[in-house]
Every structure is written in structure tokens, then in C-alpha cells.
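**Q** Supplied in C-alpha cells, the structure appears directly below.
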Amino acid sequence: MARIFAVANQKGGVGKTTTTVNLSAALAAHGQRVLLVDLDPQGNATMGSGVDKRSLATSVYHLLVGLNTLPEVRARSEAGSYDVLPSNRDLAGAEVEMVDLENRENRLRDALHAVDDEYDFVLVDCPPSLSMLTLNGLCAAHGVIIPMQCEYYALEGLSDLVNTIKQVHAKLNRDLKIIGLLRVMFDPRSTLSQQVSAQLESHFGDKVFKAVIPRNVRLAEAPSHGLPGVVFDKAAKGSQAYLAFAAEMIERIKSI
């Protein structure tokens, strides 16, 4: 059975897409069968996986509004060795169209049931807002991975996200839980980063992943080449950190 994880944070620019793309490729490198679901209309995870969002005949939009089935929408990231449910600007219209649809918050969950035995991991890249798209991601997921920078404003946003997850758990998805917090764009030279990291470990304990993703130029360069960072430069510090994170995820789900 596939384990479905939403990569979410209501704050923008915290590395959600970078984490989703590189974790997908790193899990694939560890021999896992992976599906990446791009729920952001910007389509950055799609492009970062080497799939051209501009030439898509079908996208996750068509899946959510019931125009196409999952196998008809699915694309392949040849570079990352994982499958993708790609996204483009069409997805922005899904917000309006889904309002009148039956069981609107569970459209993604129901679609994923059809391929439950084909994957080990399904990773959902959620947009940086609490929208109908994000809600679909949270309702489909067994757990949430929260990437966050170790800075003051990130702590402020984290409390809002935790409350949102609690509400979705109580009202819509009893399986939903926080799998862990991932420290990203980490600068060990910064006193503030060290202090916020210590606060997270003190407050969330073993919910904080041991893996830490450093600031890394090679990870930032990779999307312009249509490649996950772990493929673009496997030896880079950021890539090695994501490979270690993938190994930690594989171990962590054994106890879930």
C-alpha cells in the first residue's frame, strides 16, 4: 500500500517544492516506487522533474474535475526515475470548478485509490495557502512533512499550520498526522538558526527529522536544468542531505 505524504507549509518560499522533488528522486534512488503529485498551479515541481508544463495535454486539473483518469494524466520523470501528476496554470481554475463538485475535498484521495498498489510513496507538493487544493492534499495524506527555515517568522507560521492540521484531522481525515519537521536552507554559522533549531527539538522532540538540509547553490541551480538536485549533482552537500533524509523516511514509516 502506498504511503501518502503532503509536503506543506502555509508560508511561501520555504523549500516545499525543492523538498518534494529531491525527496522523490532520493527515494527512487533508494529503490522505492514514487509518485509526485504537483498541486501548485505554478507547476514548479513539474518543471523541476523534467516535465514540460507548457506542452501538457492533460494535467492534475483534468484529474480533479473528473475529465481524465490518473493513468491518462500520469507522466514520467526520466531524470528522477519517478512518476508525476503534472500541473500548470489550468489548475488555478480548479478552485472555482470544484466548489460545486460532490465530495470536493476528497477528489485526490479517491483518484489515488486506483494506483494504491503501484507505489511505495506518494508525495504531494501543496501550494503555500490553505486552499481547496491544499485541502485535497491533506485529506488524501497519511501524514504531513513540514519543511521550514530556522528563523523567527517560520515559527509564527508553524503554529498556524499545526492548527490547520489538527482541524483537518478532527473533521475530515482521522489518519492525518505530522510525520516530521524538516529543517531546510540551514546555515550552521547563524546563531539564530541554531537557536530556532534547538527550540524545535525541545518542543517537537522526535518529530524533528535528524536530517538537516543546508543552503546549497547546486540545489538552487538544478531546476533550471530540469533535474532534481540529487541527480544534477549527487555529490553536493544538499543532495547528500536529501539522500540521508530519504533513508530516514524509509525507516520512519516502518513505525507509523
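The values are calculated or read from the model by the stated rules, or taken from the named source; none is laboratory data. Keep in mind that what you see is a predicted model, and the values were worked out from it rather than measured. Here Cβ is always computed from backbone atoms with ideal geometry, including for glycine, and neighbour counts include all displayed protein chains.
**Q** For region 40-55, enumerate the residues that are surrounded by fewer than 22 Cβ atoms within 10 Å (Cβ to Cβ), under 17 Å from the mean Cα position of the chain (by Cα), of a type outside the set (A, V, I, L, M) and assigned to a helix (DSSP H, G or I).
**A** Asn44
**Q** Which numbered condition trips up Asn68, out of (1) under 20 Å from Ile250 (Cβ atoms); (2) free of Cβ contacts under 8 Å to residues at least 12 places away in the same chain?
**A** Looking at each condition in turn, Asn68 falls short on (1).
**Q** Here's something else I'd like to know. Would you mind finding the one in Glu221, Glu248 that is acidic (Asp, Glu) and under 23 Å from Asp52 (Cα atoms)?
**A** Within the list Glu221, Glu248, the selection yields Glu221.
**Q** Are any residues in region 173-206 surrounded by fewer than 18 Cβ atoms within 10 Å (Cβ to Cβ) and either within 22 Å of Ile253 (Cα to Cα) or among the acidic types (Asp, Glu) (or both), and if so, which ones?
**A** Hits for region 173-206 are Arg174, Asp175, Lys177, Ile178, Asp187, Glu201, His203, Phe204, Gly205, Asp206.
**Q** Could you please let me know if Asp206 is free of Cβ contacts under 8 Å to residues at least 40 places away in the same chain, more than 20 Å from Gly31 (Cβ to Cβ), among the charged types (D, E, K, R) and out of contact with any Lys or Arg (no Cβ under 9 Å at 6 or more places or on another chain)?
**A** yes
**Q** Can you tell me which residue in region 220-243 is modelled with the lowest pLDDT, limited to those that are more than 17 Å from Pro188 (Cα to Cα) and of a type in the set (A, V, I, L, M, F, W, C)?
**A** Going through the qualifying residues, I end up with Ala220.
**Q** Give Asp90, Asp83 a once-over and let me know the one that is closer than 16 Å to Asp38 by Cβ and touching a His at 6+ places or on another chain (Cβ under 8 Å).
**A** The conditions single out Asp90.
**Q** Can you say whether Ala241 is out of contact with any His (no Cβ under 8 Å at 6 or more places or on another chain) and loosely packed, with under 15 Cβ neighbours inside 10 Å, as far as the supplied structure shows?
**A** Judged against the criteria, Ala241 is not a match.
**Q** Within region 37-55, can one find any residue that is closer than 20 Å to Glu248 by Cα and out of contact with any Leu (no Cβ under 6 Å at 6 or more places or on another chain)?
**A** Within region 37-55, not a single residue is closer than 20 Å to Glu248 by Cα and out of contact with any Leu (no Cβ under 6 Å at 6 or more places or on another chain).
**Q** Mind checking which residues of region 3-21 are part of a loop (DSSP other than H, G, I, E, B) and not hydrophobic (A, V, I, L, M, F, W, C)?
**A** Those that are part of a loop (DSSP other than H, G, I, E, B) and not hydrophobic (A, V, I, L, M, F, W, C): Asn9, Gln10, Lys11, Gly12, Gly13, Gly15.
**Q** Next question, about the same structure. Name the residues in region 173-219 that are among the polar types (S, T, N, Q), in a loop (DSSP other than H, G, I, E, B), out of contact with any Gly (no Cβ under 6 Å at 6 or more places or on another chain) and modelled with pLDDT of 90 or more, would you?
**A** Asn173
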